[in-house]
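Quick notes on the structure that follows.
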Amino acid sequence: MVESGAWGAFWKTVTTGDFDMERFREIVKTIPSDLKLIQQWARDTADAPVADCDVPYVFVLLQAAAFGGKAVDRMDGVWKHPGFRSFWEPTETSERRSVVNPMMPLPATIERRVADLVADSRLREVTVKHCDAMTTIPRGVTVYVDPPYLGTQQYNGRTLDLPVFIEQAQARGCDVWVSEAKPLLGGESVRLSKGRAKGGISGARRKANQEHLTHFTTNRGALMSGPWTPFEWAAFVFGSTLLIAAMVWLYYISP
Ligand SMILES: C[S@@+](CC[C@H](N)C(=O)[O-])C[C@H]1O[C@@H](n2cnc3c(N)ncnc32)[C@H](O)[C@@H]1O
C-alpha cells in the first residue's frame with residue numbers, strides 16, 4: 001500500500017508492529033467523556049504541538065472528529081483539517097430525532113477497533129510506504145489505484161497525475177486498475193453497481209456517487225523498459241562494479 005497522507009503514517013505504524021497501544025490509550029484518555037466537550041478537545045489538540053511519534057495516534061482521533069468526515073492531514077508540522085463536529089441534540093421541532101455525535105465512531109469504539117488491527121498478525125505481511133505513489137512504482141505487478149477523484153481537491157492538495165501514473169506503471173510491466181467517478185479513456189471500464197452511497201469523504205450522501213473500475217492492461221514485454229528508479233540504478237552500478245572487481249581479481253591478482 002502506498003499512501004502519502006496521514007493514513008500512510010497510521011497504516012505504516014500498524015503494519016510494522018510499531019503501534020504503541022499503551023500510548024494510544026493514554027491519548028484516548030485525554031478525550032472528555034462529556035460529548036459536548038469533544039469538539040473543543042479536538043480544536044485544542046489540533047492547535048497543540050505534537051511529537052512525531054504521536055502523529056498516527058492523534059491523527060486517527062482527529063479524523064474521526066473531522067467535520068463531515070473530510071480529510072485531516074499533517075503537513076509541514078501543522079494539522080490540516082476542515083473543523084470539527086459539534087454534539088447536536090434533537091429539539092422539539094427538529095425532524096431528526098437522534099443525536100449527532102462529535103466523533104464517528106466514538107473513542108471507545110476506535111480504541112477497540114485499533115486494538116483489533118494491532119493484534120492482527122496478518123497485517124504484518126502488508127508493506128506500507130508513506131510516500132508519493134509516483135516515486136515508487138514497482139515492476140511487473142498488479143496495481144490498484146483509488147486516487148482522489150479527477151478534478152477534485154479533497155485531500156488538502158495531495159493529488160496524483162493519474163494519466164502519467166498509468167503510463168509509467170504500464171511501461172514498467174504493471175496491470176493497472178483504477179477506481180474513478182467516470183470511465184477512463186484507454187482502458188476497459190465497468191460501472192460498479194450503484195456506487196458508494198456512504199462512507200465517502202463528505203460522509204453520507206443524498207445521491208450515491210457513481211464509481212467505475214477501469215482496467216489498463218500491460219505488455220509484459222515492457223517489464224524492463226520504462227524509467228529506472230534511483231534504487232535500480234544503484235543496484236545496477238553496484239552489481240557491475242562487483243562483477244568487474246571479481247574479473248580483475250580472477251585474471252590479474254589470484255595466484
Ligand atoms: C480516495 S482516497 C483512498 C482511500 C483508501 N482507498 C481507503 O479506502 O481508505 C485517495 C487517497 O490518495 C492519497 N493520495 C493523494 N495523492 C497521492 C499520491 N500522489 N501518492 C500517494 N497517495 C496519494 C490521499 O491522501 C487519499 O488518502
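Every number here is computed from the coordinates shown, using simple stated rules; none is lab data. Owing to the predicted nature of the structure, the values given are computational and were not obtained by experimental measurement. In this analysis, Cβ positions are derived from the backbone assuming ideal geometry, glycine residues included, and neighbour counts consider all displayed protein chains.
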Answer in debye to the nearest 20: the dipole magnitude of region 19-85 about its Cα centre, from +1 Lys/Arg and -1 Asp/Glu charges placed on Cβ, is 340
Given unit charges at Cβ for Lys, Arg (+) and Asp, Glu (-), the dipole magnitude of region 6-125 about its Cα centre in debye, nearest 20, is 280
The size of the Cβ-based charge dipole (Lys, Arg +1; Asp, Glu -1) of the chain about the Cα centre, to the nearest 20 debye, is 800
Projecting the Cα atoms of Ala169, His130, Gly69 onto the charge dipole of the chain, where Lys and Arg contribute +1 and Asp and Glu -1 at Cβ, the residue farthest towards the positive end is Gly69
Karplus ³J(HN,Hα) for region 78-92 (6.51 cos²θ - 1.76 cosθ + 1.60, θ = phi - 60°; Hz, whole; x = Gly/Pro) runs 10, 6, 9, 8, x, x, 10, 5, 9, 7, 10, 10, x, 9, 4
Sorted by chain and then number, the residues having a modelled amide H within less than 5 Å of the amide H of Val2, at least 5 places away or on another chain, are Lys129
On the formula 1/(1 + (r/R0)^6), with r taken between the Cβ atoms of Val190 and Ala246 and R0 of 45 Å, the FRET efficiency rounded to 0.05 is 0.30
Sorting Pro102, Gly157, Leu185 by the position of each Cα along the dipole of the chain (Lys, Arg +1; Asp, Glu -1; all at Cβ), the one nearest the positive end of that ordering is Leu185
In nm, the gap between the two label points placed 7 Å beyond Cα toward Cβ at Met134 and Met1 is 2.4
Counting sequence-distant residues (5 or more places) and residues on other chains, those with an amide H built under 5 Å from that of Phe84 are Phe67
As a percent rounded to 5, the proportion of antiparallel DSSP bridges among beta bridges in the chain is 75
So, over other residues within a Cβ distance under 12 Å of Gly157, counting Lys, Arg +1 and Asp, Glu -1, the net charge is 0
Of the DSSP H helices in the chain, the ones reaching 20 Å or more along their long axis in Cα terms and averaging at least -0.5 in Kyte-Doolittle hydropathy are 230-248
dims of the chain, Cα set, principal axes, largest to smallest, nearest Å -> 93, 46, 32
Computed curve, region 71-131, Cα-only Debye sum without solvent term, log₁₀ I(q)/I(0) at 0.26 Å⁻¹, is -1.09
Under the helix-only model (-39500 (n - 2.57) for each DSSP H run of 4 or more, divided by the residues of the chain), the mean residue ellipticity at 222 nm, to 500 deg cm²/dmol, is -10000 deg cm²/dmol
Under 5 Å from the placed amide H of Gly173, counting only residues 5+ away or on other chains, we find Gly140
At 4 °C and 1.567 mPa s, the Stokes-Einstein diffusion coefficient in µm²/s for region 6-125, with hydrodynamic radius from the Kirkwood sum on alpha carbon pairs, is 85
